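Take a look at the structure below.
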Amino acid sequence: MTSLPPPPSPEAEEAPAPFRVLGPASLTALVTIDERGMVVAWSTEAELVFGWAAAEAVGRRLSETIIPARYREAHEAGLQRMRETGAGPALGRVIEASALRRDGSEFDAEVSISPPTTRDDDGPRLITAFVRDLTERRRLEQVHAMHFEVTRILAESATLDAAAPAVLAAIGSNLGYGIGMLWVVDRVAGALELQAMWSRAGIDAGEFEAHSRSLVFSPGVGLPGRVWSSGSPVAVPNLSADDNFPRAPTAARVGLHGGVGFPIVSAYGVIGVVEFFTDEVQPPEPVVLSTMTDVGSQLGQFVEHRLAESLLRLRVRELEVLRGAAHALNASLDLDVVLDAVARTAAEALGAPRATVLRVEGGMLEIAGEYDESGTTARGRRWPVSDLPGADKVLRGEFWSGALDATGPALRRVTDATGMNAVAMAPVRSGTETFGILALLSRTPRALGEGELRLLHGIASLAGLAVGNAESFRLEREHGRRMAALDTAKSQFLNLASHELRSPLTVLRGYLSMLADGSLGPLPDGVARVVPMLTAKVAQMSGLIEEMLETARLEDHRLQLSMGIVDLREVVRACVRACEHSAQPGQRIVVQHPDTPAQVNADVSRLETAIGNLVDNALKYSPMGGDVECVVSLQDGMATLQVRDRGLGIAPVDMDRLFTRFGRIVTAENSHILGTGLGLYLARELVRMQDGDISAASTPGEGSTFTLWLPSVPAP
Ligand code: ADP
């Protein structure tokens, strides 16, 4: 066995000291002959290149020393022509030719031949040739051609498997090997296995291949095993003399005597070994060995890149499937539809004939969503969690897969009906809650790959989200329904209460006015004193009932406006007059308005209701007094009324509830103040019907300003 670096070749070893490192192949030999073809000068380099000593060569015919026998005749003929004509095709040129060493071996040479010269005018003509061994250059060319071809093959191949035969052929045929083999490391078995083979045409490699295929090499064993454990090229120049080459006899029968192997090295270490065999007993040249090292790491990188590419493709596909799944699951907010979509997505993405979503509730599992390629359904079937093997684990958040043999009777009915007897399960969680299980079913147990597992978990997570969304939507819808029902109840109450209260109140008001005007006779003093107070309270009640009736009309779309041009200043003055009796002692209502009319197109009585409400509130919610200001102005095509008080004010958090139906805001300060929560709502709705609006601004403890505006109508 020879490990790198190989020993220098025997020729180099024997060479004289100055040439030891160079070797004869890199020398230029100088040979001079006369026109008869006799050697007259033979350089030291020529001694090394051809193996003839100068003393032996000088005086001999050149054709008997370095010209291969088959070219000798042509050589002599050329000399003859030169003697006769003084010219020849090779003279003064550089040619490539075969040259012969003393040991009988031939090599390609570059020969540069001088034109014939004479030392003195009448002396014999001499021809000098510079001869250079081209073997090394040829080898380099072969190595480059091989490297180029390997690179091209790899660029065009998807996997090492696919590239291997062509790569072996490219290396083998370019470098002159007889057989090449690719061994790959089986990490589980801890051994090298033959993956691909190439043999040169004309070699019957059958027996050697069969023998190789029957072997697996552990680290250190045989040529492949040694390459594997050393991680670098190994040369076995003489197979039969090697005690760690079990295939030696078979190799010898095919005529193979030398071998070399190199590792395929990736970032993960040695992943394979390539070996080549030759019919020569000779170690490979250093250039070949270093190229093999390069090719080995090139193959390793190729495998790495292709692996990374295929992983990437796999992840992209997974992401696409998950995106599709997310799309499918978002298509509906109906839980039943979503759960069926989950099952269908999982079955289709993972190629399972059936998938189900099992909802867990009170220790029972129920088929809440399902997809079955044959259309079989078991929806709604229930069985205890303990009946499904592995279910408890999955509900604790783990993955489980296996056979369904040991199931209880309830689940057995389902497995019998669907023909499914194996399951792979992932948990479905919505937030922190365990919703249930996503189960992938098949007829026989099936191992899921890493990517498939990721997909199953991914779909289960999406399912959790979709379940959460569907649940929120259901709650929202239920809430909406309850609110709508409450709304209807409020409307019904408004209608009923206002109508039922109106008749008795009319009677009450009639009798009160008869009491007041004496139609029912003189009243005792004590009674006469309370009549005005009763009249005021009845008027207040009428106002409230009127408000309720008006709101009921608004909601039933029965409210009809009767529009006309009015001066906002007058409407405000009328409202203020009507409200003055509600002012507390010392409390004033101050009105400011422009001198010119502030004309608006409005339903006077509805506008009075709205303004009356604002002024009334301003007085009502100022229990400690303070003036109420009513400021009318004209601006930007709008007639505006601002009602300002210095009362309790409204907290920012409550502002949103102003103007809503029954939107009473009860606080510690205003809880003694009576109201229905309809006033502002009604006021704003009425003003909006007249193309205007009302807004509010307030600072708690300082007071509020309500602003009402309507499009102004230019004076005629
Ligand atoms: P209510 O019949 O309760 O007065 P409104 O719709 O008129 O109903 O008013 C709704 C709520 O707005 C009231 O409960 C009150 O808390 C608040 N509010 C209205 N006007 C004022 C104001 N000028 N100052 C302080 N709070 C007010």
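Confirm whether ARG474 is over 27 Å from the mean Cα position of the chain (by Cα), in a helix (DSSP H, G or I) and either over 16 Å from ASP336 (Cα atoms) or touching a residue at least 60 places away in the same chain (Cβ under 8 Å) (or both). For ARG474, the condition - over 27 Å from the mean Cα position of the chain (by Cα), in a helix (DSSP H, G or I) and either over 16 Å from ASP336 (Cα atoms) or touching a residue at least 60 places away in the same chain (Cβ under 8 Å) (or both) - is met.
The residues of the range 541-577 that are closer than 21 Å to PRO623 by Cβ and open to solvent by 50 Å² or more (accessible area, probe 1.4 Å) amount to a single one, LEU544. Taken as a whole, the condition of being at pLDDT below 95 and of a type in the set (Val, Ile, Thr) applies to THR596. The residues in the range 582-607 that are of a type in the set (D, E, K, R) and open to solvent by 50 Å² or more (accessible area, probe 1.4 Å) can be counted, and the count is 2. For the range 621-638, filtered to residues that are more than 60 Å from the chain's Cα centre (by Cα), away from the ligand (no atom under 15 Å from the Cβ) and touching a residue at least 60 places away in the same chain (Cβ under 8 Å), the residue that is surrounded by the most Cβ atoms within 10 Å (Cβ to Cβ) is VAL632.
What number of residues in the range 295-314 are in contact (Cβ under 8 Å) with a residue 40 or more places away in the chain, out of contact with any His (no Cβ under 9 Å at 6 or more places or on another chain) and not β-branched (Val, Ile, Thr)?
Looking only at the range 295-314, we keep the residues that are in contact (Cβ under 8 Å) with a residue 40 or more places away in the chain, and these are 295-296, 298-299, 302-303, 306, 314.
With the extra rule that they be out of contact with any His (no Cβ under 9 Å at 6 or more places or on another chain), the set shrinks to 296, 299, 302-303, 306, 314.
When the remaining residues are screened for being not β-branched (Val, Ile, Thr), the result is 296, 299, 302, 306, 314.
The total comes to 5.
So how many residues does the range 142-159 have that are open to solvent by 40 Å² or more (accessible area, probe 1.4 Å) and farther than 24 Å from PRO286 by Cβ? Number satisfying all stated conditions: 5.
One residue stands out among those in the range 673-684 that are in contact (Cβ under 8 Å) with a residue 12 or more places away in the chain and assigned to a loop (DSSP other than H, G, I, E, B): the one that is farthest from LEU554 (Cα to Cα), which is ILE673. Restricted to the range 686-700, and to residues there that are open to solvent by 60 Å² or more (accessible area, probe 1.4 Å) and in contact (Cβ under 8 Å) with a residue 12 or more places away in the chain, the residue that is farthest from the ligand (Cβ to nearest atom) is ASP691. Output the residues belonging to the range 367-409 that are surrounded by fewer than 16 Cβ atoms within 10 Å (Cβ to Cβ), at negative phi, in a loop (DSSP other than H, G, I, E, B) and among the small types (Gly, Ala, Ser). Selection gives SER374, ALA406, GLY408. Which pairs do you get when a residue that is assigned to a helix (DSSP H, G or I) and crowded, with 23+ Cβ neighbours inside 10 Å, found in the range 163-182, comes within reach of a residue that is modelled with pLDDT under 95 and of a type in the set (Ser, Thr, Tyr), reach meaning Cβ atoms under 6 angstrom, with the pair 6+ apart or on two chains? Taking only residues 6 or more apart or on different chains, the pairs are ALA163/SER157. Listed by position, the strands (runs of 3 or more DSSP E) contained in the range 188-291 that have at least 1 residues being open to solvent by 60 Å² or more (accessible area, probe 1.4 Å), free of Cβ contacts under 8 Å to residues at least 60 places away in the same chain and touching a Phe, Trp or Tyr at 6+ places or on another chain (Cβ under 9 Å) are 191-199. Yes or no: GLY677 within 27 Å of ALA602 (Cα to Cα), at pLDDT below 95 and either away from the ligand (no atom under 11 Å from the Cβ) or crowded, with 16+ Cβ neighbours inside 10 Å (or both)? Spelling it out, it is not the case that GLY677 is within 27 Å of ALA602 (Cα to Cα), at pLDDT below 95 and either away from the ligand (no atom under 11 Å from the Cβ) or crowded, with 16+ Cβ neighbours inside 10 Å (or both). The residue that is most open to solvent (accessible area, probe 1.4 Å), counting only those in the range 639-648 that are within 16 Å of the ligand (Cβ to nearest atom) and not basic (Lys, Arg), is GLN642. For the range 500-535, residues that are surrounded by 12 or more Cβ atoms within 10 Å (Cβ to Cβ) and touching a residue at least 12 places away in the same chain (Cβ under 8 Å) total 12.
Table: residues versus (1) part of a strand (DSSP E or B); (2) at pLDDT below 95; (3) touching a Lys or Arg at 6+ places or on another chain (Cβ under 9 Å).
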position	(1), (2), (3)
ALA552	no, yes, yes
ARG558	no, yes, no
VAL566	yes, no, no
GLY586	no, yes, no
LEU607	no, no, no
ILE611	no, no, no
SER622	no, yes, yes
GLU629	yes, no, yes
THR640	yes, no, no
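Kindly provide the set of residues from the range 77-116 that are open to solvent by 40 Å² or more (accessible area, probe 1.4 Å), within 16 Å of THR128 (Cα to Cα) and assigned to a helix (DSSP H, G or I), ordered by number. Of everything in the range 77-116, just one residue is open to solvent by 40 Å² or more (accessible area, probe 1.4 Å), within 16 Å of THR128 (Cα to Cα) and assigned to a helix (DSSP H, G or I), namely ARG83. Checking every residue in the range 435-444 against the condition of being under 23 Å from THR418 (Cα atoms), out of contact with any His (no Cβ under 6 Å at 6 or more places or on another chain) and open to solvent by 30 Å² or more (accessible area, probe 1.4 Å) gives at least one match.
Taken over the range 39-87, the criterion of being of a type in the set (A, V, I, L, M) and over 18 Å from VAL111 (Cβ atoms) is satisfied by ALA53, ALA54, ALA55, VAL58.
Of all the criteria given as (1) at pLDDT 90 or above; (2) out of contact with any Ser or Thr (no Cβ under 6 Å at 6 or more places or on another chain); (3) assigned to a strand (DSSP E or B), the one not satisfied by ALA439 is (2).
Conditions (1) in contact (Cβ under 8 Å) with a residue 24 or more places away in the chain; (2) over 30 Å from SER310 (Cβ atoms); (3) buried (at least 16 other Cβ atoms within 10 Å of the Cβ); (4) touching a His at 6+ places or on another chain (Cβ under 7 Å), marked per residue:
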position	(1), (2), (3), (4)
LEU462	yes, no, yes, no
ALA470	yes, yes, yes, no
GLY480	no, yes, no, no
LYS490	yes, yes, no, no
LEU496	no, yes, no, no
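Given the criterion hydrophobic (A, V, I, L, M, F, W, C), within 12 Å of the ligand (Cβ to nearest atom) and open to solvent by 20 Å² or more (accessible area, probe 1.4 Å), identify the matching residue among ALA683, ALA618, ALA651. Exactly one of ALA683, ALA618, ALA651 is hydrophobic (A, V, I, L, M, F, W, C), within 12 Å of the ligand (Cβ to nearest atom) and open to solvent by 20 Å² or more (accessible area, probe 1.4 Å), namely ALA651. If you filter the range 661-671 down to residues that are more than 8 Å from the ligand (Cβ to nearest atom) and in contact (Cβ under 8 Å) with a residue 12 or more places away in the chain, you find that the one that is farthest from MET483 (Cα to Cα) is GLU669.
I'd like the full set of residues that are small (Gly, Ala, Ser) and under 19 Å from GLY351 (Cβ atoms), limited to the range 404-432.
Passing the criteria: GLY419, ALA422, ALA424, ALA426.
The values are calculated or read from the model by the stated rules, or taken from the named source; none is laboratory data. Only a predicted model underlies this, so the values are computations on that prediction, with no experimental measurement involved. Ideal geometry is used to build each Cβ from the backbone, glycine not excepted, and the neighbour counts take in all protein chains shown. SASA here: full protein model, heavy atoms, side chains in, ligands and nucleic acids out. Shrake-Rupley method; radii C 1.70, N 1.55, O 1.52, S 1.80 Å.
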